[in-house]
Every structure is written in structure tokens, then in C-alpha cells.
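See below for the structure under consideration.
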Amino acid sequence: MRVTRKISNKLFLIYIHSNFLTPGSINVSPLYQPLLNQLRDDGYTFFYWYRQTSLLNKNSARYSPWSAAIHDVAVTLDAYANKIFNSILPISFHFSFFERFLWFAILLFLRPSFVVGIEPSQELCYIARLLNISCIDVEHGLRSPDTYYYRSSYRYTSSGYPRFLLYTNIADSRLLEGLLPSYSLTLSAPCMEFLYEYNNITTRVQEKSKSNSLSILFLSQYLKRGSELAHPLPKEMLLSLKSIDIPVILKIRLHPKLIVNQETVQKLEHSFNKQINFCCANVTAEFSCAKRSSIFEDLLDSSGLITLASSGYRYAQLLSIPIMIYSELLNDFDNCDHDNGLYGFTDNPTLDEWKGFITACATFMPININQLRNIKEIHEKRLTSLISTLREAA
């Protein structure tokens with residue numbers, strides 16, 4: 001039986017994964033902070049709950065052991081129960097009593113108007129629906145039936161989807177058509193991280209000076225889920241960089257899932273340096289990651305972006321930076337005609353295509369302040385429209 005009492009409490013429960021927080025800050029995530037800032041002005045307050053994978057070192061400013069530990073206990077108990085039941089029963093069975101009870105107790109006590117998070121668990125979404133509380137999934141990465149949160153191997157119930165899914169690109173929303181239940185709706189949203197970083201972006205653009213070297217950003221991807229290995233650098237890319245006469249800085253941004261510990265990072269950096277030194281005397285590697293700098297900082301220091309399948313290419317699109325995608329994995333997400341030097345969407349770009357991309361990087365004209373203001377206005381309008389929709393839903 002669903003609880004349908006009208007909720008008037010102006011409270012947001014924030015479901016947090018620590019990997020998406022701003023380094024050195026408590027409960028601040030660029031992926032949803034502009035939305036929360038506007039809602040705070042509306043009189044909303046926020047309660048933060050860390051998911052079970054968010055246990056951090058006690059010296060971290062984001063250390064919140066009690067909520068993450070409680071969540072971890074519930075998830076672990078359900079895992080043990082599943083193991084026992086599935087060893088006894090002749091049919092596949094999914095046990096989720098402990099986590100559902102935890103969320104029921106929390107939501108019944110807090111009575112928030114909304115729950116917002118990045119890929120909120122099925123159990124949280126299910127209990128929120130039961131209590132007539134809207135659950136919002138903030139966009140992270142790319143969404144399709146094959147991505148982790150939506151694939152059938154993860155989904156055991158159609159009742160555990162968020163009420164609202166925010167998206168910045170309509171293509172992602174269309175890919176989920178036919179998969180989402182009727183109660184789950186997609187809502188157009190701004191690029192939250194751009195709005196969050198806007199002041200830093202404009203300052204960096206104003207202070208940026210001309211460099212004698214060419215800087216290109218490479219978004220590294222992990223080899224497979226759970227692996228500490230990264231995809232190697234494309235050989236044709238290295239050959240194309242070798243062929244030009246000026247020094248090149250290849251800034252390699254490590255994927256957050258590869259930042260397991262310092263030893264793993266050192267191994268990755270050594271591997272990438274070895275690949276570069278074997279081929280290119282004119283290329284110097286620099287390394288970054290989400291824990292050290294925002295993606296916009298890295299992009300504004302670069303004249304081009306290279307990726308296998310990272311959603312980060314959309315940030316480069318926003319800034320009109322040349323892009324090379326050396327894979328067809330993103331075709332479903334963005335297969336329209338591309339301007340501004342987007343050369344990719346092929347498994348094996350030829351050496352000439354790589355050289356064409358490098359030429360586009362070498363002649364790239366950085367974005368100016370007026371262009372940035374225009375982009376900001378567009379995304380602020382999207383934010384205003386989104387908040388208006390959420391007000392009506394409350």
C-alpha cells in the first residue's frame with residue numbers, strides 16, 4: 001500500500017558518493033550544486049547521506065563514517081541473505097529487506113520533499129515511491145540500456161527507478177525510451193558543472209597567455225569495470241604527434257576509478273610515459289585527475305581533446321574545442337554532423353585523420369568572454385525551467 005500523504009517539508013535528502021564531491025570541501029558536488037544553491041534560496045534545507053562505498057580516511061574533510069557505515073551494514077546483510085536464499089531456493093531470488101527497511105526508517109523520519117543523488121539505489125527509489133517522495137537522478141556520464149545503472153543484469157525490479165532523470169542532451173533521453181516505466185520522467189537540465197565553475201572559467205580565460213607548445217588533453221578510460229588498468233594510447237595518435245615540429249604536452253586525465261591508491265597511479269603514469277618515450281621525443285606527459293583539478297581547468301589549458309568513450313567530450317563541445325573520438329562507442333549518443341573539429345566516431349582513424357585533428361588543435365582559437373556569457377545565459381534558463389518543474393512536483 002502506497003503512502004500518499006502530501007509532503008510540505010522543504011527538505012532535500014542528498015544521496016552522496018564521495019567520488020563526486022569537490023576535493024577539500026564538505027558536501028559540495030559540482031554535478032548538483034547550482035541546483036541546490038537555487039533551492040536553498042527557496043527556503044529548502046538539506047540532509048546528506050553517504051552511500052556505503054563512501055568510507056574515507058579520517059583525515060578527509062568529507063569523512064562521514066556513521067551514515068556510510070550504516071548503509072554498508074544493510075547492504076552487506078542483504079548480500080549474505082541473497083547468498084543463503086539462492087543456495088536453497090530452486091529459483092533466482094533477490095533479497096533487499098535490510099536496505100529497504102533502512103531507507104523506510106530514514107525517509108519516514110525526515111519526510112523530505114525530494115531525494116537527489118547520482119544513481120540512487122533501486123531500494124532507495126522504491127521506498128521513495130512508496131512514501132510519495134520524488135527521487136531525482138542527477139546526470140553522470142552517459143545513459144543507455146547498456147550502462148551499469150540501467151542494464152538488465154543490475155535491474156531486478158521495474159519499481160526502483162528514479163521519479164526524475166536529469167539530462168543535458170536529448171539523445172541520452174531517447175536511448176532510454178521504452179526502457180523506463182511510465183512513472184519515471186526525463187527532465188532537461190543545464191550543465192551543472194559549467195555553472196558551478198563559471199567564475200573560475202572566466203578568470204582562467206582572461207589570464208591565459210600564449211604558449212609556444214601545443215597542449216592536448218587525453219581522457220583516460222579504465223580497461224574494464226573493476227580493473228586498475230587503462231586503455232593504451234592509440235599508436236596513430238602518437239605517430240601524428242611525432243610528425244609535428246613543435247613541443248607537445250599530452251595532459252592525461254586519469255579516470256576516477258583508476259585512482260585506487262598512489263601505487264596504482266604511479267604504475268599508470270609509468271606505463272603512459274613508457275609508451276610516449278618509445279615513440280615521441282617531442283611529447284611530454286602531464287597527469288591530472290578529478291581529485292586535483294576540474295575538467296574545465298584541464299580543457300582551458302588545452303587546444304584539443306582525445307577520448308575513447310568518455311562523456312567528458314561534451315564539456316569540450318561546450319567550449320568549441322576540437323575533439324577526436326577514436327571509437328564508435330559514442331555513435332548512439334551523438335551521431336549528428338559535427339562542427340568545430342570533431343573528427344571521431346570511428347574505431348580506427350587513419351593517420352591522415354589524426355594529422356587533420358592535430359592541425360585543428362594547432363589553429364584553434366580559444367573561447368572568449370562574450371561567448372562564455374552566452375553559454376551561461378542558455379544554461380541558467382535551463383536551470384530556471386528545471387526548478388519551476390520541481391516546484392510544481394513538490
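The values are calculated or read from the model by the stated rules, or taken from the named source; none is laboratory data. Remember, it's a predicted structure, so these values are computed and weren't measured experimentally. Methodologically, a virtual Cβ is constructed for each residue, glycine included, from the backbone with ideal geometry; neighbour enumeration extends over all protein chains shown. Only protein heavy atoms, including side chains, enter the accessible area calculation; ligands, DNA and RNA are left aside. Shrake-Rupley method; radii C 1.70, N 1.55, O 1.52, S 1.80 Å.
Taken over the stretch 235-250, the criterion of being out of contact with any strand residue (DSSP E or B) (no Cβ under 8 Å at 6 or more places or on another chain) and open to solvent by less than 40 Å² (accessible area, probe 1.4 Å) is satisfied by 240 alone. Tallying residues that are surrounded by 19 or more Cβ atoms within 10 Å (Cβ to Cβ), assigned to a loop (DSSP other than H, G, I, E, B) and of a type in the set (Gly, Ala, Ser) within the stretch 122-149 yields 0.
Kindly state which strands (runs of 3 or more DSSP E) lie completely within the stretch 156-223 and contain at least 2 residues that are open to solvent by less than 10 Å² (accessible area, probe 1.4 Å).
Working: elements: 164-167, 185-188, 214-219.
In the stretch 156-223, the matching strands (runs of 3 or more DSSP E) lie at 164-167, 214-219.
Residues that are surrounded by 17 or more Cβ atoms within 10 Å (Cβ to Cβ) and in contact (Cβ under 8 Å) with a residue 24 or more places away in the chain were ranked within the stretch 76-103; the one that is nearest to residue 153 (Cα to Cα) is 96. A single entry from 302, 311 fulfils the requirement of being within 21 Å of residue 193 (Cβ to Cβ) and open to solvent by 10 Å² or more (accessible area, probe 1.4 Å): 311.
Going residue by residue through the stretch 231-247, is there one that turns out to be in a strand (DSSP E or B), in the same structural domain as residue 321 (by the TED database) and not β-branched (Val, Ile, Thr)? No: zero hits. Residue count for the stretch 73-100 satisfying the condition of being aromatic (Phe, Trp, Tyr) and closer than 18 Å to residue 50 by Cα: 1. Could you go through the stretch 344-355 and let me know if any residue there is in a loop (DSSP other than H, G, I, E, B), out of contact with any Asp or Glu (no Cβ under 6 Å at 6 or more places or on another chain) and surrounded by 21 or more Cβ atoms within 10 Å (Cβ to Cβ). For the stretch 344-355, residues in a loop (DSSP other than H, G, I, E, B), out of contact with any Asp or Glu (no Cβ under 6 Å at 6 or more places or on another chain) and surrounded by 21 or more Cβ atoms within 10 Å (Cβ to Cβ): present.
In the set 389, 384, only one residue is surrounded by fewer than 19 Cβ atoms within 10 Å (Cβ to Cβ), in contact with a Phe, Trp or Tyr (Cβ under 9 Å, 6 or more places away or on another chain) and at pLDDT 90 or above; that residue is 389.
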